[in-house]
Amino acid sequence: MEGAKENPADELLALVRHLKSQIQSGIDAGKTPAYLCMAGEPACLDESPAEITHAPKVPSARKTVTLGEVKNELGDCQRCSLGRVRTNIVFGEGNPRAEIAFVGEAPGGDEDIQGRPFVGRAGQLLTKIIAAMGLKRTDVYICNILKCRPPGNRNPKPEEIAACEPFLIKQLEAINPRVICALGTFAAHTLLKTDVPITVLRGKFHSYHGIQLMPTYHPAYLLRNQGAKKQVWEDVQKIMKMLPQQAS
Ligand code: URA
């Protein structure tokens with residue numbers, strides 16, 4: 001590479017800068033960075049997928065676990081320190097064969113008490129978004145990156161994510177939804193293994209283990225920023241185009 005320095009540390013720095021500028025040019029051109037795609041998978045989709053088919057989902061040849069099996073394996077989880085302070089595990093709920101799965105950050109106070117995802121104020125807004133899509137909560141699947149409430153709703157810690165994420169991955173594998181909607185920065189960053197800002201990620205489909213993933217703003221953010229509702233609605237409409245028509 002041009003301008004590479006003799007010193008290995010300088011050379012590495014130059015390489016990182018070069019990669020950063022390449023990624024930024026791609027983002028500026030409206031492309032999803034290739035590094036967000038999983039190895040061996042088709043390239044990430046951009047804003048308008050070339051071909052939208054509503055053919056039935058192809059069952060995977062691989063034997064996947066069921067949600068019940070994932071729940072059994074999770075058990076009375078004490079794999080991280082949140083196990084000692086939670087009231088209830090919030091496993092996730094909804095249609096085990098859902099076409100769309102919503103993934104949030106972590107349970108809050110209401111969710112911790114009820115053992116159900118998105119039942120507080122942000123949850124009520126998510127329920128309205130789902131209704132605006134012509135769906136019911138029981139049609140979709142709703143879950144979080146973490147299954148236990150971090151005290152005071154603080155951000156999840158890396159060791160908590162490391163302990164919990166394998167269960168989420170298995171849940172999503174069991175459901176095999178057509179689309180995943182990542183709610184907010186935290187879910188998008190964890191699922192896509194990136195720290196690209198949500199303002200850049202949202203509104204475009206990304207590939208998550210071969211499943212199309214649309215990041216959008218978290219409903220809790222919408223409660224504080226009503227203006228962002230328009231963008232969420234745009235994102236949700238793109239998701240709806242990927243789903244088979246609902247029977248009326
Ligand atoms: N916020 C989340 O991210 N998840 C919930 O379940 C509730 C609030």
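Tabulated data for the structure shown
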| quantity | calculated |
| --- | --- |
| Whole-Hz couplings from phi, Karplus 6.51/-1.76/1.60, listed for region 228-233; x for Gly and Pro | 7, 4, 4, 5, 5, 5 |
| Surface per residue (accessible, 1.4 Å probe) for region 92-135, Å² | 41 Å² |
| Phi-based couplings in Hz for region 85-95 (Karplus 6.51, -1.76, 1.60; Gly and Pro marked x) | 10, 6, 8, 9, 6, 9, 6, x, 8, x, 6 |
| Virtual spin-label span in nm between GLU165 and THR138, 7 Å along Cα→Cβ | 3.5 nm |
| Full-stretch length increase - VAL85, THR64 - with 0.36 nm per residue and alpha-carbon distance subtracted | 4.4 nm |
| Long-range amide H partners of VAL119 with built H, under 5 Å | GLU111 |
| Beta bridge orientation in region 101-248: antiparallel %, DSSP, nearest 5 | 20 percent |
| Charge tally in the Cβ shell below 10 Å around TYR141, where Lys, Arg are +1 and Asp, Glu are -1, TYR141 excluded | -1 |
| Burial ranking of peptide ranges 230-236, 122-128, 97-103 (average Cβ count within 10 Å, highest at the top) | 97-103, 122-128, 230-236 |
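The values are calculated or read from the model by the stated rules, or taken from the named source; none is laboratory data. Treat the numbers as computed from the prediction; the structure is a model and nothing was measured. Ideal geometry is used to build each Cβ from the backbone, glycine not excepted, and the neighbour counts take in all protein chains shown. The protein model used for the area step is the full one, side chains on, heavy atoms only, and it has no ligands, DNA or RNA in it. Shrake-Rupley method; radii C 1.70, N 1.55, O 1.52, S 1.80 Å.
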